[in-house]
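Okay, structure first, notes after.
Every number here is computed from the coordinates shown, using simple stated rules; none is lab data. Note that the coordinates shown come from a computational prediction; the quantities given were computed from them, not determined experimentally. Cβ coordinates were reconstructed from backbone atoms using ideal geometry, including for glycine residues, and neighbour counts include every protein chain displayed.
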Amino acid sequence: MPDDCHTPANALLSTESATRTPLGPAASRLASQRWWDADAAQYHDAHAEFLGVDSADGEFVWCPEGLHEGDMQFLGDVAGKRVLEVGCGSAPCARWLAGQGAHAVGLDLSRGMLERGVAAMARGGPQVPLVQAGAEALPFTDASFDLACSAFGAVPFVADSAAVMREVARILRPGGRWVFSVNHPLRWIFPDDPGTPGLTATIPYFDRTPYVEVDDTGAAIYVEHHRTIGDRVREIVAAGLVVEDIIEPEWPEMLDREWGQWSPLRGELFPGTAIFITRKP
Ligand SMILES: C[S@@+](CC[C@H](N)C(=O)[O-])C[C@H]1O[C@@H](n2cnc3c(N)ncnc32)[C@H](O)[C@@H]1O
């Protein structure tokens, strides 16, 4: 969720207030496109180094806890595999996968985020095709990828995450894996504060009404949608996929870096990220 480093985007979009209100798929998509276009520069000022956006070969960091695909191997051997990264932003993950021998494609709704990836690739390193599209309607044919992945891309921001699960299941070949990281659903119940105010539960876990920021005309300019752990599992299973594991990374002892609401203080007490490892039978 936005924090102080997003002040320029908030000013650009005239952010007026935060609220909880129902928001459907089209309005959510529009809000996300506006937000990520406006915030692309600040997002990268704050996080590009940690994510390895400008490293020559890209990097694949799954979450603020710093899990790297090179160590975790959630996707298995990617060499020669066709891999789709959903909500790729500037695509450091897709570029890293390409450096490992994968045929990787990055997809994102935001042109501003993708342009940051184009700029990084212009300096060299692995090159990947980038596609501007929404995750709820993937512009690819059935069974055209061996693997799909997402590091906090798209899934927390869409109104219909079940549609994303169905779309990913459709474009995967049988036996293919879909691995995605999102905010741990438990985080929803706490205020979005990395300090002590963020340790007291104030928001019902069962309330799926999205978090929405609106501009001075009342139009939504940022949205996050909540799903419980059970919701996520049901959406995956309804799409015809199998849940193989749910990873809840612990906060590393040596990591003193804050990332928005993620902090060592909160990380010591409860998880910030959930990584769903799924497979198409
Ligand atoms: C938190 S960023 C993560 C980006 C990248 N994975 C990273 O680790 O830096 C979320 C990304 O999801 C994208 N996104 C949001 N809604 C989307 C949608 N409906 N379809 C595709 N991408 C979307 C945003 O444009 C943004 O680039």
Task: Qualifying positions in region 26-38 - surrounded by 14 or more Cβ atoms within 10 Å (Cβ to Cβ) and either over 17 Å from Gly87 (Cβ atoms) or not hydrophobic (A, V, I, L, M, F, W, C) (or both) - done: Ala27, Ser28, Arg29, Ser32, Gln33, Arg34, Asp37
Open item on the list: Among the residues of region 67-94, what is the count of those that are surrounded by fewer than 22 Cβ atoms within 10 Å (Cβ to Cβ) and closer than 30 Å to Ala9 by Cα?
Closed with: 2
Task: Residues (surrounded by fewer than 16 Cβ atoms within 10 Å (Cβ to Cβ) and either assigned to a loop (DSSP other than H, G, I, E, B) or free of Cβ contacts under 8 Å to residues at least 40 places away in the same chain (or both)) located in region 170-192 - done: Pro191
- [ ] Filter region 205-258 down to residues that are in a helix (DSSP H, G or I) and of a type outside the set (A, V, I, L, M) and give me whichever is surrounded by the fewest Cβ atoms within 10 Å (Cβ to Cβ).
- [x] Gly230
TODO: Sort out for me the helices (runs of 4 or more DSSP H) sitting completely within region 1-78 that have 3 or more residues that are within 12 Å of the ligand (Cβ to nearest atom).
DONE: 25-51
- [ ] Hey, can you tell me all the residues within region 145-169 that are over 26 Å from Ala31 (Cα atoms) and of a type outside the set (A, V, I, L, M)?
- [x] Phe145, Asp146
TODO: Tell me, please, whether a residue that is under 17 Å from Gly260 (Cα atoms), surrounded by 19 or more Cβ atoms within 10 Å (Cβ to Cβ) and β-branched (Val, Ile, Thr) can be found in region 55-65.
DONE: yes
Task: Those residues of region 193-204 which are surrounded by 14 or more Cβ atoms within 10 Å (Cβ to Cβ) and outside any helix (DSSP H, G or I), in sequence order - done: Asp193, Pro194, Ile203
- [ ] Quick one: in region 95-110, of everything that is more than 9 Å from the ligand (Cβ to nearest atom) and outside any strand (DSSP E or B), which residue is surrounded by the fewest Cβ atoms within 10 Å (Cβ to Cβ)?
- [x] Gly101
- [ ] Could you please find all residues in region 143-160 being more than 12 Å from the chain's Cα centre (by Cα), within 14 Å of the ligand (Cβ to nearest atom) and surrounded by 21 or more Cβ atoms within 10 Å (Cβ to Cβ)?
- [x] Ala148
